[in-house]
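Please treat every number below as a calculation from the coordinates, not as lab data. Treat the numbers as computed from the prediction; the structure is a model and nothing was measured. Heads up, the Cβs are rebuilt from the backbone with ideal geometry, glycines too, and the neighbour counts pull from every protein chain shown.
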Amino acid sequence: MEYYLRSALIAVGLMILQTTFVPFLSVEGFLPDLLLIWIVYFAIRRGQLDATVAGFAAGLLQDLLTMQFLGLAAFSKTIAGFAAGYFYNENNTEQTLSSYRFLLIILLCSAVHNITYFGIFLQGSEGMSIPTLMEYTIVTSLYTTAIGALPMFTFARKQGFAS
């Protein structure tokens, strides 16, 4: 139970960072998604079911704080948590978190999340097209993955994999 409480506090802290500090890191209007990185980490640590629930809870929190499109972040982060859960292997958790595999999982889950999110969010807007959707997906996914390198290097150093 203590683990879940600590995880909930981390998610709230990341959400506060996401809404206050991360907008200053905007590049051409694109932002990294700290909550998605946390969901992938949670999936690798705890498994698919826990990550799916965590994705829903984090997305719902994001929806309630941003009030943009209620339920959309919850839906897309639930799907991302479910997808990230496929990479859970209790025997390789530390190796996955401290290697490039963590970044590849972030990239894949971010792409799944962003296609879902932007595919629905941009629906019906002027200028919505497949190239626009792919631009939002690719750039945001790459930016999120680049930020995800920071915890990966931290885990690698902690595990002694980095020289």
Practice prompt. Determine if region 113-135 includes at least one residue that is touching a residue at least 60 places away in the same chain (Cβ under 8 Å) and over 13 Å from residue 30 (Cα atoms).
Written response: yes
Discussion item. Quick check on this structure: which one of 82, 30, 24 is of a type in the set (Phe, Trp, Tyr) and over 15 Å from residue 147 (Cβ atoms)?
Written reply: 82
Worksheet item: In region 23-42, what residues are crowded, with 17+ Cβ neighbours inside 10 Å and part of a helix (DSSP H, G or I)?
Response: 34, 35, 36, 37, 38, 39, 40, 41, 42
Worksheet item: Somewhere in region 108-122, is a residue closer than 15 Å to residue 47 by Cα and crowded, with 19+ Cβ neighbours inside 10 Å?
Response: yes
Discussion item. For the list (1) under 14 Å from the mean Cα position of the chain (by Cα); (2) part of a helix (DSSP H, G or I); (3) under 18 Å from residue 150 (Cβ atoms), I need the number of the one condition that residue 45 fails.
Written reply: (1)
Practice prompt. Output the qualifying pairs, or none if there are none: Cβ atoms under 6 angstrom, residues six or more apart or on different chains, first residue in region 10-35 and hydrophobic (A, V, I, L, M, F, W, C), second residue outside any helix (DSSP H, G or I).
Written response: 22/31
Discussion item. I'd like to know if region 1-21 contains one or more residues that are more than 14 Å from the chain's Cα centre (by Cα), buried (at least 16 other Cβ atoms within 10 Å of the Cβ), polar (S, T, N, Q) and not in a loop (DSSP other than H, G, I, E, B).
Written reply: yes
Worksheet entry | Pairs where the first residue, in region 75-100, is in contact (Cβ under 8 Å) with a residue 60 or more places away in the chain and more than 10 Å from residue 43 (Cα to Cα) and the second is part of a helix (DSSP H, G or I) and polar (S, T, N, Q), C-beta under 6 Å, 6+ apart | 94/159; 98/159
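With 59, 47, 71 as the choices, which residue is of a type outside the set (A, V, I, L, M) and either crowded, with 19+ Cβ neighbours inside 10 Å or touching a His at 6+ places or on another chain (Cβ under 8 Å) (or both)? Give the derivation first.
Numbers: 47 fails: either crowded, with 19+ Cβ neighbours inside 10 Å or touching a His at 6+ places or on another chain (Cβ under 8 Å) (or both); 71 fails: either crowded, with 19+ Cβ neighbours inside 10 Å or touching a His at 6+ places or on another chain (Cβ under 8 Å) (or both).
Among 59, 47, 71, only 59 is of a type outside the set (A, V, I, L, M) and either crowded, with 19+ Cβ neighbours inside 10 Å or touching a His at 6+ places or on another chain (Cβ under 8 Å) (or both).
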Worksheet, complete the sentence: residue 51 meets each of (1) in a loop (DSSP other than H, G, I, E, B); (2) under 23 Å from residue 154 (Cβ atoms) with one exception, condition (1)
